[in-house]
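Structure, as structure tokens:
The values are calculated or read from the model by the stated rules, or taken from the named source; none is laboratory data. Being a predicted model, the structure only gives us computed values, none of them experimental. Using ideal geometry, Cβ is built from the backbone for each residue, glycine included, and neighbour counts are taken over all protein chains shown. We work out accessible area using only protein heavy atoms, side chains counted, and drop any ligands, DNA or RNA first. Shrake-Rupley method; radii C 1.70, N 1.55, O 1.52, S 1.80 Å.
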Amino acid sequence: MTIAAGAPRVRGFDGLVWPEADNQIPREIFTDPDVFAEELQRLWPGPVWHVLGHAADVPRPGDFITTVVGNVGVIVVRGKDDVVRVLLNVCAHRSNQVEVCPRGNARGFTCIYHTWNYALDGSLTGFALREDYPADFDPQCYGLPALRCELRAGVILATFSPDAPPVDDYLGAPLLRAFEETFTGDLEYAGAQRWRFDGNWKLWAENMYDGYHARALHKGLRYIGLTNSDGGFQDPEGGRPHTVYIAVGSNPTVNLAETLHDPQVFEVRTKERTDEGVFTNWLVNVFPAGVGMSNWDLITIRRIIPLAADATEVIFSYYVPLGEPEEITRHRISKASNLYGPSGVISLEDTVVFERTQRGATGRGTHNILKGTVRQNPPYRRRDEAHMRHFYEAYRRVMSGGPAF
Amino acid sequence: MGGDVLIEVMQLAARYAAIVDDPRRTKEWPDLFADEAAYVVTTRRDLDEGGRVAIMMDDTKGKILDRPHIIDEVWAGHYDAQATTHMVSIPLLEEVTDSLIRARTGFTVDIAKEGGRSHRLAGEYVDEILRGADGLRFRRRLVVLNDDVLPTYFVRPL
């Protein structure tokens with residue numbers, strides 16, 4: 001095989017050469033630092049909606065969490081009026097980070113530098129030494145700006161952009177229905193796992209669109225039971241770049257009693273089963289990188305923070321239904337701890353391949369999406385990877401200044 | 001409490017480190033634990049927030065016994081080798097009885113990843129150690145890591 005020699009270094013997104021075939025992706029999108037920087041300017045603040053968490057993260061007035069969208073710090077807070085808002089976490093005065101606690105409850109936010117005080121809705125309520133400000137200083141212009149924020153099935157979505165379509169248009173009816181299936185009942189926050197990997201965030205995002213890899217990479221799935229017969233990617237309609245992935249499971253293909261001393265985390269205790277013993281998992285992807293899942297006994301939101309072209313932070317947050325017997329809650333929590341996370345039985349391997357892929361992606365050639373691409377459009381089958389094409393179509397559109405779909 | 005107990009606990013800590021740092025000795029790790037035991041890895045932030053999900057939660061001896069199988073069979077070939085070295089501080093013995101010792105020990109672990117970067121983490125072991133006929137074994141080992149965002153995955157126990 002001849003490898004093309006001497007390809008010039010790409011200078012940013014506009015320097016990328018996209019092959020004609022829509023399933024071939026230039027590898028430089030994973031490795032080029034200029035592409036990464038432009039994503040921070042065009043994609044993360046662009047006409048897209050981000051998944052930030054769930055109402056259960058901020059159940060009572062004054063509850064807040066702090067996080068980052070792209071590279072911009074935000075506060076997700078429930079106000080005294082019970083409304084959830086997403087505020088820019090930067091003092092309108094001289095740019096200090098206002099709230100540093102990752103999670104808490106507050107009556108307001110105070111910047112420690114000059115004691116600027118903000119109410120839970122972001123409005124400026126006070127500051128030290130009022131004299132000698134400019135005559136036209138208007139406190140109403142110096143609050144913490146709010147992002148557009150909507151909740152659907154309790155999932156907190158936000159966007160920086162006035163050009164993002166209304167959230168129901170962005171998600172589409174199939175996704176809204178899928179959120180209702182995934183986040184059922186009254187939930188409470190049960191903890192999170194956070195880790196970094198040495199790889200590009202899009203390697204993580206496309207993996208969440210990948211039905212092809214699961215049985216090959218995650219041998220632990222044999223212990224939990226997934227069937228080949230059913231499930232697949234629903235059509236999100238209207239050319240939307242999201243996915244609704246339904247995976248169907250039944251019984252382990254490994255004899256757990258012979259293999260394990262304590263198979264509890266592999267048992268599925270809370271899912272409804274058909275007469276044949278089959279249960280349904282839900283995995284919902286919201287472009288660009290928001291994920292909601294109800295897999296086995298685990299209700300989770302997954303998101304990422306892009307740190308560099310070759311560095312990403314991953315956050316898995318867990319939620320448990322209120323009012324369940326203690327042993328079921330313990331089952332969910334111990335399962336989350338051992339099945340998922342940086343050392344999860346069925347998730348460690350993903351981090352491994354992201355890092356290896358990042359090292360591999362400096363090689364010449366294209367990143368190729370193959371399985372299922374015999375079909376041009378959704379719905380795709382359970383073990384297809386073809387849906388990634390639509391992720392990259394949306395990525396190209398937004399990075400070129402257009403809408404996601 | 002005599003200095004002998006401290007030496008015994010330090011030798012247990014050293015034996016633990018030697019086993020978790022050697023990929024060939026993973027199968028000996030469960031023997032460090034009593035017949036009823038728990039091993040949990042979490043972060044300082046997770047504890048402070050009252051969060052319950054951990055990084056590893058082997059809350060039964062059965063799960064502890066299963067972990068070498070996960071590492072050596074389920075994950076086989078699916079991770080980059082990690083060369084680790086644990087350094088432990090002098091244990092602080094908080095309670096010593098004839099049968100039970102409670103101790104806290106600071107530690108760091110250096111993780112050198114094949115093909116990748118090295119990382120160092122620090123944290124604390126919060127231990128309940130049983131004295132049995134065959135010596136000291138852990139009834140409970142809680143590993144509390146200082147980092148709230150972990151810099152990498154962990155193949156073997158910490």
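Compare the Cα positions of A:260, A:66, A:119 along the charge dipole of chain A (+1 at Cβ of Lys, Arg; -1 at Cβ of Asp, Glu; about the Cα centre) and return the one farthest towards the positive end.
A:260
For the range B:92-158, rounded, prolate or oblate, judged on the Cα gyration tensor with a ≥ b ≥ c (square roots of eigenvalues), a/c < 1.5 rounded, else prolate if a/b > b/c? Display every interim value, and only then the final one.
Values: a/c = 3.61, a/b = 2.29, b/c = 1.58.
It is prolate, given that a/c is not under 1.5 and a/b is the larger ratio.
Round to the nearest 0.05 the FRET efficiency obtained for residue A:136 and residue A:180 when R0 = 41 Å and r is the Cβ-Cβ distance. Show your work: numbers first, answer last.
Details: r = 49 Å, r/R0 = 1.19.
Once the sixth-power term is evaluated, E becomes 0.25.
How much of the accessible area of chain A, in percent, comes from carbon and sulfur atoms when a 1.4 Å probe is used? Mind showing how you got there, number by number?
On the way: 8150 of 16850 Å².
Percent of accessible area from carbon and sulfur atoms in chain A: 48.
Note down, for chain B, the three equivalent ellipsoid semi-axes (square root of 5 times each alpha carbon gyration tensor eigenvalue), biggest first, whole angstrom. Don't skip to the answer; put the middle values down first.
Values: eigenvalues 125, 63, 49 Å².
The three semi-axes for chain B are 25, 18, 16 Å.
Take the Cα of residue B:134, step 7 Å along the line toward its Cβ, and report every residue of the range B:23-61 whose backbone nitrogen sits under 17 Å from that point.
Backbone N within reach: B:26-38, B:61.
Based on Cβ point charges of +1 for Lys and Arg and -1 for Asp and Glu, what charge dipole magnitude is obtained for the range A:42-164 about its Cα centre, in debye rounded to the nearest 20? Mind dumping the intermediate values first?
Working: 11 positive and 12 negative charges, 76 e Å.
Roughly 360 debye for the range A:42-164.
Work through the residues other than residue B:104 whose Cβ is under 12 Å from its Cβ and net out their charges, Lys, Arg +1 and Asp, Glu -1.
Values: positive: B:102, B:141; negative: B:94, B:95, B:124, B:127, B:128.
Surrounding charge for residue B:104 is -3.
Lone cysteines in the protein assembly as shown, going by a 4.7 Å Cβ-Cβ cut-off?
By the Cβ distance rule, which asks for a partner under 4.7 Å, the isolated cysteines are A:101, A:141, A:149.
At a 1.4 Å probe, which residues in the range B:68-110 are at least 30 Å² less accessible with all protein chains present than in their chain isolated?
Buried by 30 Å² or more upon assembly, which counts only protein chains, are B:69, B:70, B:74, B:75, B:78, B:80.
In nm, what is the difference between 0.36 nm times the number of residues separating residue A:327 and residue A:273 and their Cα-Cα distance? Walk me through the intermediate numbers first.
Working: separation 54, 0.36 × 54 = 19.44 nm, distance 1.98 nm.
Between residue A:327 and residue A:273, full extension yields an extra 17.5 nm.
Could you work out how much longer the chain between residue A:235 and residue A:113 gets when fully extended? Use 0.36 nm per residue separation minus the Cα distance between them, nm to one decimal.
Values: separation 122, 0.36 × 122 = 43.92 nm, distance 5.05 nm.
Answer, rounded to one decimal: 38.9 nm.
Quickly work out the residue B:72-to-residue B:85 label distance, labels modelled 7 Å from Cα along the C-beta direction, and quote it in nm with one decimal.
Each label point lies 7 Å from its Cα, and together they span 2.6 nm.
Among rounded, prolate and oblate, which fits chain A when a ≥ b ≥ c are the square roots of the eigenvalues of its C-alpha gyration tensor, a/c under 1.5 means rounded, and a/b larger than b/c means prolate?
Numbers: a/c = 1.94, a/b = 1.24, b/c = 1.56.
Taking the square roots of the gyration eigenvalues as a ≥ b ≥ c, chain A is oblate.
Using a Gaussian network model on chain B with a 10 Å cutoff between Cα atoms, which of B:70, B:111, B:19 fluctuates the most?
Between B:70, B:111, B:19, it is B:70 that shows the largest mean-square fluctuation.
Quick one: if the Förster radius is 51 Å, what FRET efficiency do residue A:375 and residue A:41 give, using the C-beta to C-beta distance and rounding to 0.05? Before the final figure, lay out each step's value.
Values: r = 34 Å, r/R0 = 0.67.
Calculated value: 0.90.
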